[in-house]
Amino acid sequence: MAKGVWIVAEQRDGALRKISFEIASVARKLADELGDDVNAVLVGSGVEGLAPELAKYGVDKVYIADDPIYANYTTDAYSAAVAKVVKENDASILLLGSSVQGKDLSASLVGKLATGMASDCTDIKIADGKLLAIRPMYAGKCFGEIVVESYPQMASLRPNVFPAVENAKAGEVVKFDAGIAAGDLKTKVLETQKDTSGKVDLTEADIIVSGGRGMKGPDEYKIIEELADLLGAAVGASRAAVDAGWRPQTDQVGQTGKVVSPNLYIACGISGAIQHLAGMSSSKYIVAINKDAEAPIFAKADYGIVDDLFKVIPEVTAAAKKIL
Amino acid sequence: MNIVACVKQVPDTEALIKVKPDGSGIDEGGIKWVMNPYDEYGVEAALKLKEANGGEVTVVSLGPARTMETIRTALAMGADKGVHITIDGADAYNTAAALAAAIKDINPDIVFCGQRAIDDDSGQVGSVLAELLGIPQVTIVTGLEVADGKVKAIKPIEGAQLVIESAMPCVVTAQKGLNEPRYASLPGIMKAKKKPVDVKDAAALGISIEPKAKIARMTPPPVRAPGKIIAGDDPAAKAAELVKLLREEAKVI
Ligand SMILES: Cc1cc2nc3c(=O)[nH]c(=O)nc-3n(C[C@H](O)[C@H](O)[C@H](O)COP(=O)(O)OP(=O)(O)OC[C@H]3O[C@@H](n4cnc5c(N)ncnc54)[C@H](O)[C@@H]3O)c2cc1C
Ligand SMILES: Nc1ncnc2c1ncn2[C@@H]1O[C@H](COP(=O)(O)O)[C@@H](O)[C@H]1O
């Protein structure tokens with residue numbers, strides 16, 4: 001019988017990513033309810049030293065495939081390695097993050113393991129001994145409760161939604177060799193062009209200050225950047241601002257941009273079109289600054305200021321400076 | 001070059017989505033159906049490849065009878081022929097299995113999908129399809145070059161951008177930024193009416209559907225408690241009040 005709650009830990013350049021601790025914490029909670037263990041799969045090159053960090057968040061056993069062939073993430077190598085160990089151990093539940101890498105890896109595993117998956121979940125529980133995953137559908141216009149009938153029962157979890165909770169376990173290391181040779185691989189990473197700005201990615205940011213068409217032009221984003229720098233926030237944008245060429249595509253939040261879940265989302269000069277809300281409505285707190293009291297964004301906002309953003313934002317920065 | 005583009009028909013992004021009272025699904029009344037926006041990028045990429053290398057573009061779509069309109073839209077954009085798989089409501093794995101059954105005989109050099117369908121928002125079908133066809137995949141792609149039997153793709157990840165090379169045939173899933181999809185021209189629309197579309201059901205494809213992921217229930221989104229509009233005429237006073245609320249009430253800064 002299938003058993004064990006399994007996660008795939010995500011690392012890049014030899015460091016675990018925050019999402020790994022979020023999934024480990026969810027897995028621990030589910031395993032405790034089921035009276036089962038948490039096993040993590042960690043694939044990479046020179047990553048063995050990371051096992052204790054996973055143990056801190058409730059992982060009983062860490063299965064490690066450590067080989068130079070895994071130095072860069074590629075779908076074919078990672079997916080083959082994870083599929084092998086998960087199959088051999090007849091995993092009951094398999095959780096990944098719905099980060100960029102997790103989206104790619106989890107979907108490829110659905111194919112390799114011939115199973116079902118609930119993607120980008122915002123809540124997850126056990127009902128009648130089975131996984132019950134809750135996820136936004138139709139851009140968050142409704143929610144679906146998903147039951148996976150096949151094993152492993154897979155789910156990917158939206159980053160920044162689930163808290164990372166420390167709960168130290170043994171973190172016993174089991175090394176495994178997936179027997180993959182370089183010649184088997186059909187894809188390779190030719191180049192990694194790093195964003196040198198050092199800014200946190202929107203999908204991982206705790207706070208986002210976002211500007212829309214109301215910003216009037218690219219230079220005006222300076223006031224948003226000043227506020228963001230002060231708050232340690234990332235800067236986002238509406239599609240109108242991206243399509244106007246004021247901000248890069250990577251900043252776009254929404255249905256055809258990024259889906260974000262920060263603790264605080266400050267929407268400045270954004271009307272709140274349904275496609276924009278699709279990307280940010282799972283934020284914990286939403287602030288709207290807009291001169292139009294009728295703008296739909298106010299219906300989603302926890303706090304709203306109806307006024308000219310060019311007058312308000314610099315004052316917000318000034319007021320925040322006093323306390324931070 | 002043998003090029004395949006998978007397209008899904010989805011509700012228009014503006015559509016109001018209402019869950020049926022019994023939670024069994026959405027109420028489809030009054031919905032305007034369109035091609036999934038990410039699939040438009042896939043079709044455009046397919047047409048560009050054909051223009052550069054010659055060959056044929058086949059669009060494949062699985063869905064109820066109305067899906068034919070979306071296939072015709074892709075044909076009007078310039079695709080050569082279509083396959084309509086008349087299965088309704090399959091999960092990601094079974095959708096991919098049906099697409100794979102229809103696509104394998106085409107012997108594609110490259111298959112385009114969208115990175116995600118904006119109805120189920122699942123983002124799985126392209127990858128599962130690649131696995132079932134036994135070919136490599138590059139997902140969520142914003143740039144593409146095809147030369148010497150290889151694909152070179154740009155893929156943004158958190159804080160970086162990757163340049164990935166893949167052998168062909170492969171599956172590529174399209175992200176916004178890949179290109180600007182063309183509109184169907186009037187002559188294109190006229191021509192599309194005469195282009196061939198194969199209609200196949202599960203039996204014709206030789207597959208049986210065993211659901212793997214089931215939607216047990218659908219619910220409307222949780223209601224957000226009404227927010228606070230900070231009153232007053234002085235921007236500085238309102239800003240100070242906001243900062244105070246964020247600090248003391250929400251505790252997020
Ligand atoms: C298929 C499809 C996909 C889409 N995907 C996305 C997506 O991913 N993300 C996205 O954002 N949009 C998306 N859109 C576009 C969306 O429909 C809206 O057009 C867009 O979100 C509008 O951006 P905006 O709010 O910045 O601009 P507008 O709607 O023009 O709003 C500007 C706001 O600024 C306010 N304003 C102006 N001046 C000031 C001032 N001085 N002070 C204060 N407030 C001011 C105005 O009152 C107004 O509310 C999509 C559309 C389609 C059809
Ligand atoms: N019913 C379908 N018919 C054709 N292509 C589909 C279908 N469902 C999904 N796809 C393709 O797979 C992509 C991802 O879909 P999904 O996994 O449902 O988010 C879509 O953008 C389409 O290209």
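The values are calculated or read from the model by the stated rules, or taken from the named source; none is laboratory data. Predicted, not measured: the structure shown is a model, and the values here were computed from it. Here the Cβ is made from the backbone with ideal geometry for all residues, glycine too, and neighbour counts use every protein chain on show.
Some values worked out for this structure:
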quantity	calculated
Checklist (1) of a type in the set (Gly, Ala, Ser); (2) touching a strand residue (DSSP E or B) at 6+ places or on another chain (Cβ under 9 Å); (3) within 27 Å of A:Gln255 (Cα to Cα) applied to B:Ala97, failing item	(2)
Within the stretch B:109-141, considering residues that are within 16 Å of ligand 1 (Cβ to nearest atom) and aliphatic (A, V, I, L, M), the one farthest from the chain's Cα centre (by Cα)	B:Ile140
Verdict on B:Gly89 being within 14 Å of chain A (Cβ to nearest Cβ), under 18 Å from B:Asp201 (Cβ atoms) and surrounded by fewer than 23 Cβ atoms within 10 Å (Cβ to Cβ)	yes
Hits in the stretch A:287-312 - residues which are surrounded by 19 or more Cβ atoms within 10 Å (Cβ to Cβ) and under 28 Å from the mean Cα position of the chain (by Cα)	A:Val287, A:Ala288, A:Ile289, A:Ile297, A:Phe298, A:Lys300, A:Ala301, A:Asp302, A:Tyr303, A:Gly304
Residue tally, condition farther than 24 Å from B:Ile87 by Cβ and more than 16 Å from ligand 1 (Cβ to nearest atom), over the stretch B:39-55	10
Residue match in the stretch A:115-126 (condition: surrounded by fewer than 23 Cβ atoms within 10 Å (Cβ to Cβ) and at the interface with chain B (Cβ under 7 Å from one of its Cβ atoms))	yes
Test for B:Ala192: is it under 19 Å from B:Gly63 (Cβ atoms), small (Gly, Ala, Ser), surrounded by 16 or more Cβ atoms within 10 Å (Cβ to Cβ) and over 21 Å from the mean Cα position of the chain (by Cα)	yes
Flag for B:Glu14 being within 13 Å of chain A (Cβ to nearest Cβ) and surrounded by 14 or more Cβ atoms within 10 Å (Cβ to Cβ)	no
Residue ranges of strands (runs of 3 or more DSSP E) in the stretch A:219-324 with at least 1 members more than 7 Å from chain B (Cβ to nearest Cβ) and farther than 30 Å from B:Gln115 by Cα	A:285-290
Qualifying residues in the stretch A:61-84 (those that are touching a Gly at 6+ places or on another chain (Cβ under 7 Å) and of a type outside the set (A, V, I, L, M, F, W, C)) - the one farthest from A:Lys188 (Cα to Cα)	A:Asp66
Boolean, B:Ala102 is within 11 Å of ligand 2 (Cβ to nearest atom), assigned by TED's automatic domain parsing to the domain that holds B:Gln161, touching a Lys or Arg at 6+ places or on another chain (Cβ under 8 Å) and within 28 Å of B:Ile164 (Cα to Cα)	yes
A:Gly116 being within 29 Å of B:Gln175 (Cβ to Cβ), of a type outside the set (Phe, Trp, Tyr) and at pLDDT 95 or above	yes
